[in-house]
Structure formats: structure tokens, C-alpha cells
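All remarks here apply to the structure that follows.
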Amino acid sequence: MAGLDSTSPTSIALGCDNLGSTREDGDVRDKISPVPVRFIDHVQLAMPAGGEDAAREFYEGLLGLPERPKPPHLAARGGCWFETTTVKVHLGVDADFHPARKAHPAFLVEDLGELVERFRAAQVELVDDEPLEGYDRVYAYDPFGNRLELLEPTSS
């Protein structure tokens with residue numbers, strides 16, 4: 001944020017009215033008043049053009065997230081939105097699509113075992129990973145190769 005001062009449009013938009021001095025190590029973090037991030041509104045994953053039907057089969061049909069129509073001015077771009085009151089996954093068309101094989105959203109689920117069986121029956125790629133204390137978990141890959149982590153808290 002080079003050049004940030006209390007009168008810059010970025011500072012005003014971010015609420016940075018307490019800009020202090022730069023630390024000796026050159027770190028400017030102490031110059032900016034924190035802006036509270038409250039929640040993640042949605043996660044966007046990329047998909048190739050024309051993949052909407054495959055997205056619907058996976059995200060709505062297998063994962064159980066209902067499709068929400070995109071606003072008309074955004075629908076022209078392609079892609080799909082899948083949303084509940086607590087989970088929002090948007091898939092956007094990327095002309096230079098490459099799947100996210102490492103970066104991923106993690107979903108808390110109920111009955112991970114049943115979901116894994118459903119995915120196996122549909123031949124979804126699944127990968128077990130090292131244990132994570134307090135959770136059963138597995139990685140699944142959507143039809144485009146994007147990685148998803150599925151977690152279920154263990155009862156202890």
C-alpha cells in the first residue's frame with residue numbers, strides 16, 4: 001500500500017484514519033486501522049466454458065447445494081451459483097481455465113460417510129489425507145478438477 005495516506009481514496013474507503021508511522025523494519029501494517037472482515041460471503045471457483053450442466057450434476061445433484069439463478073447481467077458470462085443460507089459457491093467461467101488442485105474451500109458436512117459413498121457411486125475422485133484432530137475428512141474433486149475438502153467433526 002505504498003503512498004497510502006489518510007486523505008487518499010483508498011484510505012478513506014478502508015477507514016484508515018489512523019496511519020501512524022512506519023516501523024523501523026519498513027512494515028506499514030501499523031499505519032492502517034483495521035477494517036473488520038466479518039464473514040466470507042461466497043467462494044468462487046473457476047470452470048471451463050460450457051460446463052454448467054456438469055456443475056449442476058455435481059454441486060446440486062451430489063453435494064446437495066441448490067442452484068440460485070444468477071442476476072441477468074451476470075448470467076451472460078456463464079457459470080452457476082449454488083447457495084443455501086450458510087454456504088455459497090459460485091462457479092465462474094474462465095477462458096484460460098486451470099483447476100485449483102491445491103487451493104480449496106473446506107465444507108463442514110453431516111454424514112461424511114454417506115457423502116463419500118454417493119461420490120464413489122458417481123465415480124468422483126476422492127483422496128484421503130493425513131488425519132486432522134477433531135475431524136474426519138476427505139478431499140473430493142469436482143468435474144473440472146477443483147479440490148474440495150469435506151470435513152465432519154468427530155464426537156469425542
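What follows is calculated from the coordinates using simple rules that are stated; it is not laboratory data. Predicted model only: the values in this text are computed from it and were never measured. Virtual Cβ from ideal backbone geometry, glycine too; neighbours counted across all protein chains shown.
Given the Cα-Cα distance of R101 and E83 and 0.36 nm per residue of separation, how much length would full extension add, in nm? Please report the intermediate quantities before stating the final value.
Numbers: separation 18, 0.36 × 18 = 6.48 nm, distance 2.25 nm.
Residue separation times 0.36 nm, minus the Cα-Cα distance, leaves 4.2 nm.
Amide H neighbours of L45 under 5 Å, at least 5 residues apart or on other chains, H built in the peptide plane: list them.
It is H90, L91, G92, by chain and number.
Using a cut-off of 11 Å between beta-carbons, work out the net charge of the residues near P153 (Lys and Arg +1, Asp and Glu -1, P153 not included).
In short, -3.
Sort out for me the Cα centre separation of the stretch 73-137 from the stretch 46-63, rounded to whole Å.
Taking the Cα centre of each part, the stretch 73-137 and the stretch 46-63 sit 10 Å apart.
Fully extended, how many nm does the chain gain between D136 and V35 (0.36 nm per residue separation, minus their Cα-Cα distance)? List each step's numbers first, then the result.
Numbers: separation 101, 0.36 × 101 = 36.36 nm, distance 3.41 nm.
Taking 0.36 nm per residue and subtracting the Cα distance, the gain is 32.9 nm.
Under the Karplus relation 6.51 cos²θ - 1.76 cosθ + 1.60, θ = phi - 60°, what is the ordered set of whole-Hz ³J(HN,Hα) values for the stretch 44-60, x standing for Gly and Pro?
10, 10, 8, 8, x, 4, x, x, 4, 5, 5, 4, 4, 4, 7, 6, 8
Tell me the net charge near R68. Cut-off is 14 Å between Cβ atoms, R68 excluded, with +1 for each Lys or Arg and -1 for each Asp or Glu.
Computed value for this residue: -2.
Near T86, within a Cβ-to-Cβ distance under 13 Å, what is the net charge of the other residues, with Lys and Arg +1 and Asp and Glu -1?
Net of charged neighbours comes to -2.
By count of other Cβ within 10 Å, fewest leading, how are E133, E83 ordered?
Placing the least packed residue first, the sequence is E133, E83.
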